[in-house]
Amino acid sequence: MIRSAPERPEDILDLVTESVIVRGLDGRIRLWNDMSETIYGWRRENALGRPLHGLLHSHHPLTIAGIESLLAEKGVWEGELTRSTADGREVRIETRWIMRRDDHGRPVDIVETGRDMTHFPELELETRLNTHRYRNLFQAMAASFWELDFSLVRRMIEDLVNDGVRDLRAYLAAHPDFIRRAMAATHVIDVNEKTVQLFGAQGRAQLRGMNVAPFWPCASEYIYAQALVAAFESRPHYIAETKVATLDGREIDVIFTVCWPTEHKGRGSVLVGIIDISEQVAARAALERIRAELAHAARVSILGELVASIAHEVNQPLAAIATNGEAGLRWLARPEPDVEEVRMLTGRMVADARRAADIIARIRGMAAKRAPEPTLMSLNGLIEEAMLFLRHERQAHDVALTLDLAPDLPPLRADRTQVQQVVVNLAVNAMQAMNQAGSPERALKVRTRPAGPATLLCEMEDSGPGIPPDHLERLFDSFFTTKESGLGIGLSICRSIIEAHGGEIRAANLPGGACFSFTLPAGPAPADHAAIVE
Amino acid sequence: MMLRVICGHVQEDFRVPDDILISVIDDDESLCLAMVGLIRSFGYRASGHGSAEAFLRSGEMARARCIVTDIHMAGLNGLELKQLLDEQECHVPVIMMTARTEEALLMRARESGALCLLQKPFPADALIGWIDKALAT
Ligand SMILES: Nc1ncnc2c1ncn2[C@@H]1O[C@H](COP(=O)(O)OP(=O)(O)O)[C@@H](O)[C@H]1O
Ligand SMILES: [Mg+2]
């Protein structure tokens, strides 16, 4: 159809296949194009000057006032409205509103474009609806969002499959260079404002079209690889904690999620969400440091318990030195001094003095004895906390932990730090034993139960090599160790702590490992408030 | 263990009888050696054992004139050894030693029928004094 050139600039709008309406801040219609007439059935002369929402009975689940305030805030709004036409039909309008402003940023009017979606098939409508929701979310979220073009990488993976690769995980392990190539083939389609801010970019335009390789530090490559594997295995999403690099050269701790929305599959795009958790990670690291310091402090204070056995250990070489010395003096006191004998004795004295010095070196720096401070507590809670402390060691040694903690256990009356040290020591020993023996199945079981009216029992079982029968009775002696760098004081500390609390500690062998158990006295019932006050 | 027999010129301040055997039992090797050396410097024969079991195996029970034993040892401890000797009607005097200080243990040692209990570390004279007493009985 050929039309004559439009007289007024607005007349161009009559060529547009969408309804275009401009309304003032008072809501009254200022511009009404041909398509608006077609869709709503009101002629221009009847529409101009009338309040838009009154004329068309606009309706939205958030209320019109609600979306107008969103518009005032963001300057743009997109969504779906229900309206009535001049002849009373209900229509569904997909619409986009833009607030126009003057040079001083003051709002002037609102431009609306709209399309009649009434006769669109439901399914497509649903998709469009999602697109709006998604677009609004994408911009509004406080997290960094990325839409990435993944189609090249999909093709690279398809090529691998065609070449017979079935296990992508194994393939990536053997060909780590593939990961960087895949990164270089993943391009940014769009990002939100939060991304610009978080990654220190100049603007969204700078990020669009970039490949993602610069954002992945080497140490985080395996996360990208795992995301590839997740895609390969058709999992709908993948989430992990990792570090990413920013454009201004920082590395930040983030939670990284990626999902492959079904409606984006055809386009080969993926959605990535990134949440900055550097503050949480810093707080966690500080906590870890405090934990290590506390554990050290606890260890040091418990060494006070050891003074008696250390004195014993040091006494032995000192007694030997004194005895050898006296024997030497006797040989020298003879009319014909036996130099050979004295030389031998002196040699032994030197060796014994070294032994004493070694023992002292081992205990150097240990702190003075601290009086135990008994309080009332839950044994189960204490064990759970201790196991939490050992989380890292457990993961490092691939140990499966089972807690079988009796409910309704009476409270324990003990020095919390000391008992915790016992639990930690036993668990560390068990993990070391399983590790040293290379046990394929590494299971640690901690059980609690009442043992008698006022006694609590804790058992710790491992699936390690167990204890040779002739070691059983020496285990708890100080400085007994079978480890190259072992101190051999762990169990002797445990014993002195448990015995100081009036309990007992035992070691035994099970069919598939060792079992250490200890008893401790229960405190008064929790109803005894006076006793709980610390 | 190298044993040098002292013979020939007998000095008056030396109680020469090197046919008198004294058995020392201590699981601390260097202390055991030192005590053997000390006893020998007094002119007695002495032999050392790392455990009560080793002593029993050695067959010295019948020959020893005095047994000097530590209390706290792996395996059979000093108190149990004394009990075993009593059961076998072996009346060799026993000198016990310990580095421990727990009152209950000391009580049990005193009640065991041992000649005496020496607390480590002790002066050499104390040991020799008790050995002399043991040999006099
Ligand atoms: N769960 C266990 N399984 C097997 N052996 C153990 C276990 N726990 C302790 N042990 C043995 O007891 C010894 C002493 O333990 P410990 O007193 O903690 O000293 P260290 O840790 O220095 O070896 C260990 O060296 C090891 O031989
Ligand atoms: Mg240990």
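A few comments on the model shown:
- Rg/Rh ratio calculated on Cα atoms of segment A:385-495 (Kirkwood radius): 0.96
- 10 Å-binned pair-distance histogram of chain B (Cα, whole percent): 12, 46, 33, 7, 1
- ³J(HN,Hα) computed for each position of segment A:387-393 - Karplus, 6.51 cos²θ - 1.76 cosθ + 1.60, integer Hz, glycine/proline x: 5, 5, 4, 8, 3, 5, 4
- Working note: Karplus 6.51/-1.76/1.60 with θ = phi - 60° gives segment A:376-383 the couplings 8, 7, 8, 4, 4, x, 4, 5 Hz, where Gly and Pro are set to x.
- Segment A:458-512, Rg to Rh (Cα coordinates; Rh as Kirkwood inverse mean 1/r): 0.96
- Cross-link pairs beyond the 30 Å C-alpha cut-off, checked among A:K74/A:K243; B:K82/B:K133; A:K445/A:K483: A:K74/A:K243
- Normalised contact order of chain B, rounded percent, pairs of Cα under 8 Å and 6 or more residues apart: 20 percent
- Neighbour-limited loop hits for trypsin sites (Lys or Arg not before Pro), segment A:5-100 (at most 13 other Cβ within 10 Å; DSSP other than H, G, I, E, B): A:R43, A:R89
- Helix B:78-87 axis, angle to chain B major axis (alpha carbon atoms, nearest 10°): 80 degrees
- Under 5 Å between amide hydrogens, built in the peptide plane, is the criterion, and for B:I25 it picks out B:H49, B:V68, B:T69, B:D70 among residues at least 5 positions away or on other chains.
- Each chain gives up part of its surface: A and B jointly bury about 2200 Å² of accessible area, both sides summed, for a 1.4 Å probe.
- Look at where the Cα atoms of segment B:115-137 and of segment A:195-221 average out, and the two centres are 85 Å apart.
The values are calculated or read from the model by the stated rules, or taken from the named source; none is laboratory data. These numbers come from a predicted model, not from an experiment. Every residue, glycine as well, gets a Cβ built from its backbone with ideal geometry; the counts of neighbours run over all protein chains shown. In case anyone asks, the SASA skips ligands and DNA or RNA and just uses the protein heavy atoms, side chains included. Shrake-Rupley method; radii C 1.70, N 1.55, O 1.52, S 1.80 Å.
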